[in-house]
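Read through the structure below, which is laid out as structure tokens, and then see the notes.
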Amino acid sequence: MPDVEAPANFSIVVPQGNGAGTTGLNMLYEGFTSLVRTRYPDRALRALFQHLGKYAPAESGDLLKVTALGLVRDDQAILVPRSVVTWLDQLAPRLNRAGWQFVDHPWSFLDTDSGELVVDRSHLEVDESPLADMISKRSSREPEPVGPGRFRLVGWGVFNRGDEPLSRAASAAAAAPFVVNPAEVGARQVIDRLLSLTERTPLTGLGSPFEGDFASRLISLAPRGDA
């Protein structure tokens, strides 16, 4: 039987001699795709636990589960296309300096009643006590990793043309393909919940990531005064 190439899996790259006093970038990859770029080794490992959890998914309850990628600053959150991780090396430093940190989860969970992004702990049973020895000094160039909590959703960007917020109906239609809730959640219910959510947070077209200052367009998803 000919050799069969194994499917892509996860790998972590850490600086040599990594530990509490080590500086450098820690990377988490799935196959050849970079998922996390961080100065904090404990963040890279916790992110691995979160992404492994997608192979044993937990129930999302009343929350809407979407594939969009979350970023958090203080008590606020924005959602962006998950494919922006393709440009993580270029985007992460700019976004971090602006105070935004990526949420290291394979999904985003939305409370459509309150208009919040809900970040939970990994549901995998993992002994995280050894990570205490890996917690590095925090850097002014990278915010703290995003911990569990609820964050007010203030912006949601999609790869639509233009840079103006979409109408509520257009926002719900653009967001619907990102929803991955179980089949028992009907299409009408999904649309109704998205309409409720986009009353507070309409979607905004981001244009092409290959044109202009894409990092600034992501940051501008937060309304003026919130950014």
Within the stretch 32-78, work out how many residues are under 29 Å from Leu203 (Cβ atoms) and outside any strand (DSSP E or B). 17
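Checking the conditions here, which among Glu142, Glu125, Glu164 is closer than 26 Å to Arg94 by Cα, among the acidic types (Asp, Glu) and out of contact with any Phe, Trp or Tyr (no Cβ under 8 Å at 6 or more places or on another chain)?
Glu164
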Every residue from the stretch 88-135 that is over 22 Å from Leu52 (Cβ atoms) and touching a helix residue (DSSP H, G or I) at 6+ places or on another chain (Cβ under 8 Å): Gln90, Leu91, Arg94, Leu95, Ala98, Trp100, Leu110, Thr112, Asp113, Gly115
Could you check the stretch 137-227 for helices (runs of 4 or more DSSP H) lying wholly inside it with 3 or more residues that are open to solvent by 70 Å² or more (accessible area, probe 1.4 Å) and over 21 Å from Ser83 (Cβ atoms)? 187-200
Inspect the stretch 99-109 for any residue being part of a helix (DSSP H, G or I), closer than 21 Å to Pro223 by Cα and open to solvent by 20 Å² or more (accessible area, probe 1.4 Å) and give the result as yes or no. no
From (1) acidic (Asp, Glu); (2) open to solvent by 20 Å² or more (accessible area, probe 1.4 Å); (3) assigned to a helix (DSSP H, G or I), pick out the condition that doesn't hold for Asp113. (3)
Is it fair to say Val126 is of a type in the set (A, V, I, L, M), in contact with a strand residue (DSSP E or B) (Cβ under 7 Å, 6 or more places away or on another chain) and either open to solvent by 60 Å² or more (accessible area, probe 1.4 Å) or in a loop (DSSP other than H, G, I, E, B) (or both)? no
Within the stretch 13-56, restricting attention to residues that are at pLDDT below 85 and in contact with a strand residue (DSSP E or B) (Cβ under 8 Å, 6 or more places away or on another chain), which residue is least open to solvent (accessible area, probe 1.4 Å)? Pro15
Report the residue count in the stretch 76-92 for those that are out of contact with any Ser or Thr (no Cβ under 8 Å at 6 or more places or on another chain) and open to solvent by 30 Å² or more (accessible area, probe 1.4 Å). 3
Per-region count, the stretch 135-189, residues at pLDDT below 80 and hydrophobic (A, V, I, L, M, F, W, C): 4
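The values are calculated or read from the model by the stated rules, or taken from the named source; none is laboratory data. It should be emphasised that the depicted structure is a prediction, and the values quoted were computed from it without experimental measurement. Positions of Cβ are backbone-derived with ideal geometry, glycine not excepted, and every protein chain shown enters the neighbour counts. Keep in mind that these areas ignore ligands, DNA and RNA; they rest on the heavy atoms of the full protein, side chains included. Shrake-Rupley method; radii C 1.70, N 1.55, O 1.52, S 1.80 Å.
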